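Engineer: This is the structure I have questions about; it appears just below.
The values are calculated or read from the model by the stated rules, or taken from the named source; none is laboratory data. Just so it is clear, the structure is predicted and the values come from calculations on it, not from any experiment. Counting neighbours? That spans all protein chains shown, and the Cβs are built from the backbone with ideal geometry, glycine included. Side chains included, ligands, DNA and RNA excluded: accessible areas come from the protein's heavy atoms. Shrake-Rupley method; radii C 1.70, N 1.55, O 1.52, S 1.80 Å.
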Amino acid sequence: MAARTKYVLDEADLPDRWYNIVPDLPEPPPPPLHPGTREPIGPEDLAPLFPRALIAQEVTGESYVEIPEEVREVYRLWRPSPLYRARRLEKALGTPARLYYKYEGVSPVGSHKPNTAVPQAFYNAAEGVTRLTTETGAGQWGSALAFACAQFGLDCEVWQVRASYDQKPYRKLMMETFGATVHPSPSELTASGRAILAADPRSPGSLGIAISEAVEQAAADPSARYALGSVLNHVLLHQTVIGEEALRQFALAGDTPDLIVGCTGGGSNFGGLAFPFLREKLAGRMNPVIRAVEPAACPSLTRGTYAYDFGDTAGLTPLLKMHTLGHEFVPDPIHAGGLRYHGMSPLLSHIFELGLFEAVAIGQRECFAAGVRFARAEGIIPAPEPTHALAACVREALRCKETGEEKAILTALCGHAHLDLPAYGAYLVGEMTDHDLSEEALTAALATLP
Ligand SMILES: *Cc1c(COP(=O)(O)O)cnc(C)c1O
């Protein structure tokens, strides 16, 4: 039989439950705290922002949560997603390693984000919410939520980071095509936005600022709720559909990963791929090394502090214990907009502290070099974010070439770059710099911790 390139599952093999890793951990993660009292917050504190079903998922002690049939119906538009064996890249690198990628760019918006946008819109609509507010950096999350809101008849309002709003008109048009309203952030529509603009009328914005604006709007409107595209437990829970499928696909391939690599912005595509494999590892059924890759411009896991901090810039969210660079930190404008977040998923941060995975930071030029190499071999142009994971895979594949090791490496190819091509343009003409975070900037950023 010819060597297989794709491992595809039938629609009937779409997982029917998401996996919650919390009960399998040796210790539970620290709870979110109320910023005033510094006491653990209760579900009622989150009720103005999220529907009851999602709050319940945020704190659930169950190992599995059933995926509603209404959500599975929408998932079937693109799921199960393919697992590829990167045979052409292996050949181009001359490596004895076996490289696999789980490709989420087949979703309607081109990334993994709809895996959580769809259930979030579903549960909100089921509880009578009529309007969702959110932020978007690179535009992937805003597009995903706009698509999901169109599926369930909700109004969608998106605060898009100013720099991205100006540079990515096609993302805005995609959101508007799905029926969403898009504002540049900071905006004059919120107190948080006005405060930033008063200090700096030309502020390029940041994810932290855009979150403040969207949260403020949702809290002020009883018929509205807020939706977050990463960081929170329920988001990582929904993304485990990726890893559950990949486990079945590895069984089809008759292989087991020795190394799993993913990029981390808020941690959702990485956690979504890695958690089901980590369950297997904790149960002693396999033993992969698991590695997160972050940008050297925004290295929360490798250089941030593990401390309680706000999830947004204005300090409107509960305090989350996480790896953070400080909530006022505004990362340099690197092209991987989805990785420009000052914090990290509290659950992933806790698992990192438990020593269950490792992390590296890589500068963006090495990442784009890997992205170009990948594109020329495999034909898919990776979004700027997963080029970070690919750079780590290339490093490892070349190491295997030196040692002769035949490792199986699995990576999350969480999106394509069709609307991010200007970033490749900048790389190809040599107009890209790394923006590695300096010691001085790091010290100044951490001084803003509450
Ligand atoms: C949003 C996004 C990211 C970063 O978010 P995570 O929660 O860390 O996955 C990475 N890649 C793509 C393509 C994204 O859209």
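Engineer: Could you give the angle, 0 to 90 degrees to the nearest 10, between helix 233-253's Cα long axis and the longest principal axis of the Cα atoms of the chain?
Structural biologist: 10
Engineer: Could you grab the relative contact order for the chain? Cα pairs under 8 Å, six or more apart, rounded to a whole percent. Mind dumping the intermediate values first?
Structural biologist: Working: 984 pairs, mean separation 84.8, N = 450.
Computed over the chain, the figure is 19 percent.
Engineer: Taking the Cβ of Pro48 as the centre, find all other residues whose Cβ is under 14 Å away and add up their charges (Lys, Arg: +1; Asp, Glu: -1). Please report the intermediate quantities before stating the final value.
Structural biologist: On the way: positive: Arg52, Arg131, Arg225; negative: Glu44, Asp45, Glu127, Glu216, Asp221.
For residues surrounding Pro48, the net value is -2.
Engineer: Still on this structure, I have one more. Given DSSP loops and a limit of at most 10 other Cβ atoms within 10 Å, what is the longest stretch of the chain that contains no such GluC sites (Glu not before Pro)? Before the final figure, lay out the partial values.
Structural biologist: Numbers: sites that count: Glu188, Glu431.
With a cap of 10 other Cβ atoms within 10 Å, the longest stretch comes to 189-430.
Engineer: Work through the residues other than Asp332 whose Cβ is under 12 Å from its Cβ and net out their charges, Lys, Arg +1 and Asp, Glu -1.
Structural biologist: On the way: positive: Arg340; negative: Asp434, Asp436.
My count for the surroundings of Asp332 gives -1.
Engineer: What fraction of the DSSP beta bridges in the chain is antiparallel, stated in percent and rounded to the nearest 5?
Structural biologist: Values: 18 of 51 bridges.
Rounded to the nearest five, the antiparallel share is 35 percent.
Engineer: In this model, which of Lys6/Lys168; Lys6/Lys321; Lys6/Lys113; Lys113/Lys401; Lys6/Lys281 are farther than 30 Å apart at the alpha-carbon? Let's see the in-between values first.
Structural biologist: On the way: Lys6/Lys168 32 Å; Lys6/Lys321 39 Å; Lys6/Lys113 22 Å; Lys113/Lys401 34 Å; Lys6/Lys281 25 Å.
Distance filter (> 30 Å) returns Lys6/Lys168; Lys6/Lys321; Lys113/Lys401.
Engineer: Within a Cβ distance under 11 Å of Thr264, other residues only, what is the Lys/Arg minus Asp/Glu net charge? Walk me through the numbers before you get to the answer.
Structural biologist: Details: positive: Arg291; negative: Glu294, Glu385.
In short, -1.
Engineer: Mind listing the phi-derived Karplus ³J(HN,Hα) values for the stretch 407-414, rounded to whole Hz, using 6.51, -1.76 and 1.60 with θ = phi - 60°, and x for any glycine or proline?
Structural biologist: Computed from phi, the couplings for the stretch 407-414 are 6, 9, 10, 10, 10, 8, 8, 7 Hz.
Engineer: Distances over 19 Å make up what percent of all Cα-Cα pairs in the stretch 280-361?
Structural biologist: On the way: 1317 of 3321 pairs.
Result for the distance tail: 40 percent.
Engineer: Mind listing the lone cysteines of the chain, meaning no other Cys beta-carbon sits under 4.7 Å from theirs?
Structural biologist: Cys263, Cys298, Cys367, Cys393, Cys400, Cys414
Engineer: Out of the trypsin sites (Lys or Arg not before Pro) in the stretch 217-291, which ones are loop residues according to DSSP with at most 11 other C-beta atoms within 10 Å?
Structural biologist: Details: sites: Arg225, Arg248, Arg279, Lys281, Arg285, Arg291; in loops: Arg285.
Hits after loop and neighbour filter: Arg285.
Engineer: Ignoring ligands, DNA and RNA, please state the percent of accessible area on the chain from carbon and sulfur, probe 1.4 Å. Walk me through the numbers before you get to the answer.
Structural biologist: Numbers: 8600 of 16590 Å².
Exposed carbon and sulfur together represent 52 percent of the surface.
Engineer: Given a 1.4 angstrom probe, what's the average accessible area per residue across the chain, in square angstrom? Provide the component values of the computation, followed by the final result.
Structural biologist: Values: 16590 Å² over 450 residues.
Here the per-residue accessible area is 37 Å².
Engineer: Picking from Leu320, Thr116, Thr181, whose Cα lies most toward the positive end of the charge dipole for the chain (charges on Cβ: Lys, Arg +1; Asp, Glu -1)?
Structural biologist: In the chain, that residue is Thr116.
Engineer: Here is a further query. Dipole size in debye (nearest 20) for the stretch 243-378 around its Cα centre, Lys and Arg Cβ +1, Asp and Glu Cβ -1? Numbers along the way, then the final one.
Structural biologist: Numbers: 11 positive and 14 negative charges, 36 e Å.
That gives the stretch 243-378 a dipole magnitude of about 180 debye.
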